[in-house]
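**Student:** Okay, handing you the structure first.
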Amino acid sequence: MAATNAGLEYAPTWCVGCGNYGILTAWKKAMGILEIDLEKVALVTGIGCGSKIGQYVNTYRIETLHGRTLPVASGVKLANHELTVIAEGGEGDGMGLGMGHFIHSARRNLDLSYFIHNNQIYALTKGQASPTTDRGTVTKFTPPPLGNVEQAVNIVQLALSAGASFVARGSAANIDQLAQLMAEAVRHRGFAVLDILQPCVSFNPVNTYQWYKERALSLESVSGYDETDRKQALEYGSLWGEKIPLGVFYRSEKPTFSDSLPQLEKGTLVAQALDGIDVTALMHKLA
Ligand SMILES: Cc1ncc(C[n+]2csc(CCOP(=O)(O)OP(=O)(O)O)c2C)c(N)n1
Ligand code: SF4
């Protein structure tokens, strides 16, 4: 499948200069790298500017409620575990309302990729501080002199602590690297978290392309870095300031949630016959 087939014809409605364009380009490239049958891909997004990506790609997709991306993606995967399921949306969607779902998806090791468009702001709702907005950042809703008084969530550290078996960070400004990371996340069997640094040119004047570029540290350039060493991943995952690491922090192999369910051994749930299943006795018991 050529990467060009992964997109739809109409133009995105994102602001000119938005980092989401880079993410969309990388997304299409990633599908080309994977040579995947798009009919076997289910994309589940939440609500927000980043979540609109589903409107511009040529796969099956569900745009679900704000913060409910992962539960819906989990349901899709369990109903048909032969599908490639990608969950995607903003960090507000995933780290705010969706936070509990994130932790449980990681500890279950659901076989999903989760792409988080992290612009450190609630963009669609016009510029409130989000869970990843750095402390002290002045937004329209967190005024000076203090700015945002809350400590930011570090997505990489949280994913590692919760048990995600693949954890990486890419950037909307580095499309080739991002496409590779997306492809690796999709290939990984298990819960694959990809934190994507994404400038919002309309509502975040702090975390700009330049701001991210000045801090980017490629993990590939770190001599002796071992992607299977969780301790080292946590150490590099804690960096956020003068240096912000990009690349694969961690990968490991362990049973996925679907692997652990005997119900799925006979094939996908969608393919299993419903004849002969009578829940009347159960309903009476529960009544
Ligand atoms: C239950 C619920 N609460 C709040 C909202 C309002 N809302 C819509 S998008 C959004 C956050 C957008 O931020 P993010 O998820 O980071 O995506 P971005 O727009 O920055 O890409 C919020 C709070 C909503 N739609 N539903
Ligand atoms: S508001 Fe920000 S995130 Fe949304 S489309 Fe515009 S630049 Fe992109």
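**Student:** Can you tell me which of SER202, SER258 is at pLDDT below 95, surrounded by 14 or more Cβ atoms within 10 Å (Cβ to Cβ) and among the polar types (S, T, N, Q)?
**Tutor:** SER258
**Student:** Further, regarding this structure: List, please: which pairs have Cβ atoms under 7 Å, are six or more places apart or on different chains, and start with a residue in the stretch 6-21 that is over 28 Å from ASP37 (Cβ atoms) and away from ligand 1 (no atom under 12 Å from the Cβ) and end with one that is assigned to a loop (DSSP other than H, G, I, E, B) and not polar (S, T, N, Q)?
**Tutor:** From the stretch 6-21, the pairs are GLY17/VAL201.
**Student:** How many residues are touching a Phe, Trp or Tyr at 6+ places or on another chain (Cβ under 6 Å) and either within 21 Å of GLN180 (Cα to Cα) or open to solvent by less than 10 Å² (accessible area, probe 1.4 Å) (or both) when one looks only at the stretch 8-23?
**Tutor:** Looking only at that region, the number is 1.
**Student:** Looking at the stretch 5-45, which of its residues are within 10 Å of ASN58 (Cβ to Cβ) and part of a helix (DSSP H, G or I)?
**Tutor:** Matches in the stretch 5-45: ASN5, ALA6, LYS28, MET31, LEU38, GLU39.
**Student:** Confirm whether VAL76 is away from ligand 1 (no atom under 14 Å from the Cβ), in a helix (DSSP H, G or I) and open to solvent by less than 60 Å² (accessible area, probe 1.4 Å). Explain how you work it out, then say what you get.
**Tutor:** Values: away from ligand 1 (no atom under 14 Å from the Cβ): yes; in a helix (DSSP H, G or I): yes; open to solvent by less than 60 Å² (accessible area, probe 1.4 Å): yes.
So VAL76 fits the description; yes.
**Student:** Any idea which of HIS101, HIS81 is assigned to a helix (DSSP H, G or I), open to solvent by 40 Å² or more (accessible area, probe 1.4 Å) and more than 16 Å from ligand 2 (Cβ to nearest atom)?
**Tutor:** Numbers: HIS81 fails: assigned to a helix (DSSP H, G or I).
Answer to the check: HIS101.
**Student:** Evaluate the stretch 209-222: report whether one residue or more is within 23 Å of ASP111 (Cβ to Cβ), away from ligand 2 (no atom under 16 Å from the Cβ) and touching a Leu at 6+ places or on another chain (Cβ under 9 Å).
**Tutor:** no
**Student:** State all residues of the stretch 27-71 that are within 16 Å of ligand 2 (Cβ to nearest atom), among the charged types (D, E, K, R) and surrounded by 18 or more Cβ atoms within 10 Å (Cβ to Cβ); if no residue qualifies, say none.
**Tutor:** Of everything in the stretch 27-71, just one residue is within 16 Å of ligand 2 (Cβ to nearest atom), among the charged types (D, E, K, R) and surrounded by 18 or more Cβ atoms within 10 Å (Cβ to Cβ), namely LYS52.
**Student:** Follow-up question, since we're still on this one. Could you check the stretch 175-190 and list, in sequence order, the residues that are in contact with a strand residue (DSSP E or B) (Cβ under 7 Å, 6 or more places away or on another chain) and not β-branched (Val, Ile, Thr)?
**Tutor:** Selection gives GLN177, LEU178, LEU181, MET182, GLU184, ALA185, HIS188, GLY190.
**Student:** Among the helices (runs of 4 or more DSSP H) confined wholly to the stretch 170-287, which include 2 or more residues that are in contact (Cβ under 8 Å) with a residue 12 or more places away in the chain and small (Gly, Ala, Ser)?
**Tutor:** Filter on the stretch 170-287 gives 175-187, 230-237.
The values are calculated or read from the model by the stated rules, or taken from the named source; none is laboratory data. Quantities reported herein were computed from a predicted structural model and do not represent experimental measurements. Neighbour counts run over all protein chains shown; Cβ positions are idealised from the backbone, glycine included. Heads up: the accessible areas ignore ligands, DNA and RNA and are worked out on the full protein's heavy atoms, side chains in. Shrake-Rupley method; radii C 1.70, N 1.55, O 1.52, S 1.80 Å.
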